[in-house]
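The values are calculated or read from the model by the stated rules, or taken from the named source; none is laboratory data. None of the values given here were measured: they were computed from a predicted structure. In this analysis, Cβ positions are derived from the backbone assuming ideal geometry, glycine residues included, and neighbour counts consider all displayed protein chains. Areas reflect the complete protein model, heavy atoms only, side chains present, ligands, DNA and RNA absent. Shrake-Rupley method; radii C 1.70, N 1.55, O 1.52, S 1.80 Å.
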Amino acid sequence: MISMKLSSKKKMRNTLFITFLIMICLIGRIGYIQFVQGGELSSMAYQQQTLDRSINPKRGKILDRTGQNVLAVSSTVETVTVNPGNIAKENKEKVARILSDIFGLDYEKILKKVTKRSSIETIAKKVEKEKTDRLRVWMEQNGITAGINIDEDTKRYYPYSTVASQVIGFCGSDNQGLDGIEAKYDKELKGKQGAIQRHTDAKGGEIGKEGENYVSAIDGNDLVLTIDLSIQAIAEKYLEEVCIDNICTDGGNVVIMNPQNGDILAMATYPNYNLNQPYEAYTNELKENWDNMEQAEKTKNLQAVWRNKAIADTYEPGSVFKLITASAAIEEGLVTDIDQEGQFSCMGSIEVAGVRIKCWRHYRPHGSESLRLGLMNSCNPVFIGLGQKLGVSKYYSYLNKFRLLNKTGIDIPGEANSIFLAENKAGPVELATISFGQRFEITPIQLVTAISAIANGGTSIQPRVVKQMIDSQTGEVRDIPIKTNGEVISKETSQKVLSMMESVVSEGTGKNAKVAGYRIGGKTGTSEDGVNTNKYVTSFCGVAPIDNPQVVVLVTLYNPTGEGGHQGGAWVILTTHTKTIKKSRFI
């Protein structure tokens, strides 16, 4: 009897202990759900109980420097979605049928979306209002007031299609900038999404009669570029002509910069592409073979044409770079009188550390020369000698001052940096070749920026493509500040180099760029495109007007194979802010 009572008490204690443990576990689980998972579960409940339809804002406009010409704008289109739970069972098939008919979609796929157990399904994005108006009429005629949503959306449109395509870039289907200015300034341009919120049950059906909660979208800010539409169009027109006439197998580019403030007035690359159709073939040859190409080959071709060669591709600048060597030599006092006859002598070649380097006119040496004549003749030995006198350390210090060892910081994505041998590895031969512009690589924008420092009196200025932002809400205009990187050379040195550049055009290797009535300076350049490729790069850098430079123009042609050969056959495009000065041949 006593043992039975003890057994009962033991069972009761065990039961109470187990109950206590269970209560502790339950309380712990409730606490974990409440305090640890509370935020996540609350968010999931909100998503299940509400139906949010996004309202895309209008992307900000992109304008040229005048503020009058629209280069990119968002037009109004519409997006169609369905709430399957709000479409009556007997209407699902005919809804799927009309949606597939109006928007040219596969009926079976649309029927699957209309009958799916989900809160919302997207049917068609960014469709023209003409089509959605047809849907509205059909809905009214068939008494369907719920389950089909037609919401305002935006679509990016480029009025000038191919103009400045590699600068402006384009957007994806979600209105996000993917390249160029569209990508770099995506945060400013894209604005803030709005939403239409509605309470629903688990099947997507409406709950309550309080209606929809509408949150307005905030449009993106506008950008005003430094690009001048007229100058850009002229640059592209003549660049295309010269690339076709001279059979430039690897294309070409033109950069036009205001040396006084760093504004890029034009930046053209050939070939270009249609910004409204960035994924389509862009040449007649590609169009003929496009359908037969593998996707990888299509992608390779598209990425090549999207590439902005002026900032993303490096090349050997050739003799144009002699302007940098001349500037450093004058600044260091190695040459005080640029017209002193007999200061230099060209014997057709010069030996450096046991290596003989020829002048381009080795077969008929230039003989006795001043620095002015050396630049006019583009004589290699003159500049090799100046490089030797400067020495590696001093020469590299000027490369750094001219911002040639670093990216320029231009506000376009994808900028590449120069490729120079490390200073501690540069010997006499390497210094010699650098001094006349070979065996290293820079980008066109780096060279334009360096020459601009010579043109403006000696100050390095960071190039820019955007000069203003306009707030979409207030209309406030915010100027993008001009950035300088300090003095590179003195004004006196600048004036001497500009004087020599004028002589190059008036009497030297660039005389075919001479324009009656205008004072223009410049320098021609030819270099190999890589080692043993049998390809060449032809270039010309011009400055105008020489007494108060307002434009620095660099024309670069990649592998011209036409009758003019690789030492000629490019076109010089020199412009002021409002008109074209001249187009002419150069050698």
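The protection proxy used here, the mean number of other Cβ atoms lying within 10 Å of each residue, ranks peptides 370-381, 459-470 as follows, highest first: 370-381, 459-470. Put simply, when 287-294, 221-228, 435-442, 481-488 are sorted by average Cβ atoms within 10 angstrom per residue, most first, you get 221-228, 435-442, 481-488, 287-294. Expressed as an acute angle from 0 to 90° and rounded to the nearest 10, what is the orientation of the C-alpha long axis of helix 2-31 relative to the principal long axis of the chain? Approximately 40 degrees, to the nearest 10. Roughly how many percent of the accessible protein surface of the stretch 273-397 is carbon and sulfur, given a 1.4 Å probe and a whole-percent answer? So the carbon and sulfur contribution to the accessible surface is 43 percent.
Remark: the stretch 327-466 is approximated by an ellipsoid whose semi-axes, taken from the C-alpha gyration tensor as √(5λ), come to 28, 18, 14 Å, largest first.
Ignoring lysines fewer than eight residues from LYS109 along the same chain, the ones with Cα atoms less than 21 angstrom from its Cα are LYS89, LYS92, LYS94, LYS125, LYS126, LYS131, LYS203. Note on the stretch 423-464 and the stretch 284-341: Cα centroid distance 13 Å, given to the nearest whole angstrom. On a per residue basis, the chain carries 48 Å² of accessible surface, using protein heavy atoms and a 1.4 Å probe.
In the chain, Rg over Rh equals 1.19, where Rg is the alpha-carbon radius of gyration and Rh the Kirkwood radius from pairwise Cα distances. Within the stretch 96-155, the proportion of C-alpha pairs whose separation exceeds 13 Å stands at 63%. Relative intensity of the stretch 462-567 on a log10 scale, I(q)/I(0) at q = 0.14, 0.17, 0.19, 0.24 Å⁻¹, equals -0.77, -0.93, -1.02, -1.22, per a Debye sum over C-alpha point scatterers of equal strength in the absence of solvent. The lysines within cross-link reach of LYS491, meaning a Cα-to-Cα straight distance under 25 Å and a gap of 8 or more places when in the same chain, are LYS322, LYS389, LYS394, LYS401, LYS407, LYS483, LYS514, LYS523.
Taking the square roots of 5 times each eigenvalue of the Cα gyration tensor of the stretch 224-301, largest first, gives ellipsoid semi-axes of 29, 15, 10 Å. How high is the relative contact order of the chain, given as a whole-number percent (alpha carbon pairs under 8 Å, six or more residues apart)? Computed over the chain, the figure is 14 percent.
Out of the total accessible area of the stretch 54-146 (probe 1.4 Å, heavy atoms of protein only), what percent is carbon and sulfur?
That fraction is 46 percent.
The chymotrypsin sites (Phe, Trp or Tyr not before Pro) of the stretch 304-366 that DSSP puts in a loop, and whose beta carbon has at most 11 other beta carbons within 10 Å, are TYR363.
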